[in-house]
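Worksheet: one structure, shown below.
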Amino acid sequence: MRQGQVRRCDLHLAEDALREEITRLMSLQAIDRELRELQGALATVSERSVQLRQEALDYAAELERLQQEDQQSLIARRNLEKELAECEARQRNKRMRSNQVRNDREQLAVDHEIESLKETKQRLESELLAMMEAAEQRTARIKVLIELCEQRRGQLSAAEKETAAQVEDLKVSISKQHLDRDLMTKNIETALLQRYEIIFSRRAGVAVAEAKSGTCQGCRMRLPPQLYNEIQKHLQVHFCPNCQRILYFEAPAKVE
């Protein structure tokens, strides 16, 4: 065999090897994109249940807090009512005493005490009214929260039943894709695989792009003419100088 023929044979072998490598990378990219979509779908399916569960927990926490406040407020209200009743009783006693005073000095003292008790009574009544208004608002909110808790628990139960099968199917698909990926990566050179994975993560899931009409189809930037010519030879892996994607060339189909 002549030297030129040997050279051409070596070139054909190198070209075939590179084509196979690019094909494996493109297959790996398809698997990785499918994995990304499946994992996104799994997160979306699970998100609804997570959201409902968190809402149920938040409502339950608020309900417990308001119920505790209601109990404490009830105790404080009873103490306030007791204090108000005692104040009214003292007022009555002072009025009765006012009818028995003997001089202006005693009358002035009694009137001062009555006025002071009147102010105390007004303050206690205002506090009691504010407590009653707050209790009404709290009771209304507690009623709403009880309904919301029951509603969210029902929705959560239904969502978990509805999504359980979907989640299981997605997990099975993801597991299968991981197995396919492991088989595919065994035939890809380690350094190239590592670079591919970095590009894939940084370039929105597109690490391998076609070089077409002198342009990288990944970032749409013009390629240097010499680089574009080298890519068409299929002798080694080339990268886009702009986006760093792995480039390949697909010859146009011949028109018969």
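The values are calculated or read from the model by the stated rules, or taken from the named source; none is laboratory data. This one's a predicted model, so the numbers in the text were calculated from it and none came from an experiment. Cβ: placed from backbone, ideal geometry, glycine included. Neighbour counts: every protein chain shown. To get the accessible areas, we keep the full protein, side chains included, count just its heavy atoms, and leave off ligands, DNA and RNA. Shrake-Rupley method; radii C 1.70, N 1.55, O 1.52, S 1.80 Å.
Numbers below:
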| item | result |
| --- | --- |
| Cβ pairs under 6 Å, 6+ apart, first in the range 86-108 and free of Cβ contacts under 8 Å to residues at least 60 places away in the same chain, second open to solvent by 100 Å² or more (accessible area, probe 1.4 Å) | none |
| Filter result for ALA165 (within 30 Å of ARG65 (Cβ to Cβ), small (Gly, Ala, Ser) and in a helix (DSSP H, G or I)) | no |
| In the range 85-105, residue farthest from GLU125 (Cα to Cα) [restricted to those that are in a helix (DSSP H, G or I) and modelled with pLDDT under 80] | ASP104 |
| Filtered residue count, the range 198-256, keeping only those that are in contact (Cβ under 8 Å) with a residue 40 or more places away in the chain and part of a loop (DSSP other than H, G, I, E, B) | 12 |
